[in-house]
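Engineer: Sharing a structure, written as structure tokens. Questions coming.
The values are calculated or read from the model by the stated rules, or taken from the named source; none is laboratory data. Every value quoted in this text rests on a predicted model; they were computed, and no experiment measured them. Cβ placement follows ideal geometry from the backbone for every residue including glycine, while neighbour counts extend to all protein chains displayed.
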Amino acid sequence: MNNSVAGTARLIGAGLRALLVLTLVCGVLYPLVVTGAAQALFHDKANGSEVESDGRVVGSSLIGQRYDLPLKAGQETPEPDLKWFQPRPSNGLGANSVNTRYKLILSGATNRAGDNEELVKWVTDARTAVVKDNSTKGFTVRPSEIPADAVTSSGSGLDPHISPRYAELQVHRVAERNALPVARVERLVREHTEGRALGFVGEPRVNVLELNIALKALLAR
């Protein structure tokens, strides 16, 4: 009987010691080492790839956000603020009209087939809006010129990038709305066009948040 009790006590003691050691190693030391290494070697990425403007964080280079006008009385969906470059369509993006606040609402894909009537209507309406919003006095957008990312959302609904073609499509409108030369806005887009990763992975892209921050700085000058 005594041997049985003593054996059980030894087993419980060994289990508690193992629990304490594993808690210390896996729950304290390992997270500290990983966090320290991440902060030392990948400080920007470890902190969420934050983007700053005027001395404060305005978003992340990894998460898209919208540039909309404040809601008017009776409106449920805000209108885009056309002085800024616009991102891909998405119901998962937060509102951000002047690059000073950020609010994430939700994310996710449409999960609809290519022939789904609702999806077809969304794409058709988006194409009509792109033509209307981006046509100016001296520049008319033709439907055949509209790239796919201008009328479709990404799988996550939070893609921070647009294609160079879509950015260039918006140049005349942005220039007109901000009283800037078209050539200067075109140069701004070129300066913020990223190439393929490693030279061959993915496609060239433009980060909308970083582009609009540069536009804001240009306007301030």
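Engineer: Does segment 134-151 hold any residues that are in contact (Cβ under 8 Å) with a residue 24 or more places away in the chain and buried (at least 16 other Cβ atoms within 10 Å of the Cβ), and which are they?
Structural biologist: Within segment 134-151, 134, 136, 141, 149, 150, 151 qualify.
Engineer: In this structure, does residue 75 turn out to be modelled with pLDDT of 75 or more and in contact with a Lys or Arg (Cβ under 9 Å, 6 or more places away or on another chain)?
Structural biologist: no
Engineer: Residue by residue through segment 204-221, note down the ones that are among the charged types (D, E, K, R) and either farther than 18 Å from residue 165 by Cα or at pLDDT below 90 (or both).
Structural biologist: 216, 221 - these are the residues of segment 204-221 that are among the charged types (D, E, K, R) and either farther than 18 Å from residue 165 by Cα or at pLDDT below 90 (or both).
Engineer: Filter segment 157-190 down to the residues that are within 24 Å of the chain's Cα centre (by Cα) and among the β-branched types (Val, Ile, Thr), then identify the one that is nearest to residue 87 (Cα to Cα).
Structural biologist: For segment 157-190, the residue satisfying everything is 162.
Engineer: If you go through segment 34-75 one residue at a time, how many are loosely packed, with under 14 Cβ neighbours inside 10 Å and either basic (Lys, Arg) or in a helix (DSSP H, G or I) (or both)?
Structural biologist: 13
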